[in-house]
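J.: After the structure tokens below, expect a handful of questions from me.
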Amino acid sequence: SSGINAEYGGASVKAIGRGCPDMAHLFLIDCIQVCDMGLKGFSQTRGLRVVNLGDCVRLSDVGVRNIVDGPSGAQIRELNLTNCLRVGDTTLFRIAQRCHNLAYARFCYSEFVTDAGVELLANMQTLRSLDLSGCAVGDAGLASLGNNPNFRNISLSECNLITDVGIQKMTSRLLLLETLDISFCVNVTDYATKFLAFSCRELVRLNIAGCTQLTDTSVSYISGGCHYLSHLNLSNNLNITDKAVRFLRRGCKLLQRLNLQLCPKITYVAIQRLEGGGCKVSHSIDINALKLGPMLPLSRTHKRPMSVGYSIFPIPSHG
């Protein structure tokens, strides 16, 4: 069998694992009945390359260890533990020791993943894409990520402990970074964007939505340094104005998609000019109501993303 994807209970999963020792892909997404004991059946599986346990909320470090410490540990290239709320630094320690070929990893929304665990992951030279959204990661963790120049994609959305200092230390050494998501990191200011833009000049995708302290100055830095940018998210920001759009028109000639949702100071005229250059813009302006006056900002409704939804990371092929 090459993989399974179903809502099985612990006993069923355990039996499947024992019956399919050569399984390559394991998908147990949102299987709330799966517990640590169920994963014990995969402790002898030999061929796992992709493991997706997203939203299996009953799993803990003990269950993940059944897979990581088994024969497949050194062969796993992709690991998704999004919303596995009981998983923490203990798992990251075992991964750093055993998963020598890991390239793509997600540990979103686990309060037990901290700077200590991130420092271990940063030493994994095979790791290319890392998603730590919603984790208890701060500036020390970001500084350690900067020690690994092999990173291409990093997501730190809603990591509210992050400040400008951490962004500066991380981005100053990740010169080949292609994708960065620091959306809703509310402590980030224009100062951080300055270092980001002029260090990570290879950026293709950047998400700074909901960074409410950012202003047009940040966009001027981005347009001055990130000339390869194709996707930019500036949504949920009350400070961004038409001036930012003018910066982008001049400096980001390759921009294909721009998100300006809930940016009430952006006018439709500015959007039209940008779209005239071939960029597709998402916005909140009601064209039919333009004569009624300026629109009011809407509040953001927080909802934890499911692990199977949109990701800022490119989807790797499984040849």
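The values are calculated or read from the model by the stated rules, or taken from the named source; none is laboratory data. All of these numbers come straight from a predicted model, not from anything done at the bench. Every residue, glycine among them, receives a Cβ derived from its backbone with ideal geometry; neighbour counts consider all protein chains shown. Just the protein is used for accessible areas: all its heavy atoms, side chains included, with ligands, DNA and RNA removed. Shrake-Rupley method; radii C 1.70, N 1.55, O 1.52, S 1.80 Å.
J.: Using a 10 angstrom cutoff on alpha carbons, build the Gaussian network for the chain and name the most mobile of Gly146, Gly38, Gly19.
T.: Gly19
J.: Can you find, among Asn150, Phe112, Ser133, the residue farthest towards the positive end of the dipole of region 1-150? Put +1 on the C-beta of Lys and Arg, -1 on that of Asp and Glu.
T.: Asn150
J.: Over the chain, average the accessible area per residue using a 1.4 Å probe and give it in Å², no decimals.
T.: For the chain, the per-residue accessible area is 44 Å².
J.: Using a 1.4 Å probe on the protein chains only, how many percent of the accessible area of region 24-118 belongs to carbon and sulfur?
T.: Of all accessible area on region 24-118, carbon and sulfur atoms account for 52 percent.
J.: Same structure, new question: Compute a Gaussian network model of the chain, connecting alpha carbons closer than 10 Å, and tell me which residue from Asn147, Asn123, Asn207 fluctuates the most.
T.: Asn123
J.: Summing -39500 (n - 2.57) over the DSSP H runs of n ≥ 4 in the chain and dividing by its residue number, what mean residue ellipticity at 222 nm do you reach, to the nearest 500 deg cm²/dmol?
T.: That calculation yields -8000 deg cm²/dmol at 222 nm.
J.: What pairs from Lys169/Lys265; Lys194/Lys253; Lys194/Lys243; Lys169/Lys280 go past 26 Å between their alpha carbons?
T.: In this structure, Lys169/Lys265; Lys169/Lys280 exceed 26 Å between Cα atoms.
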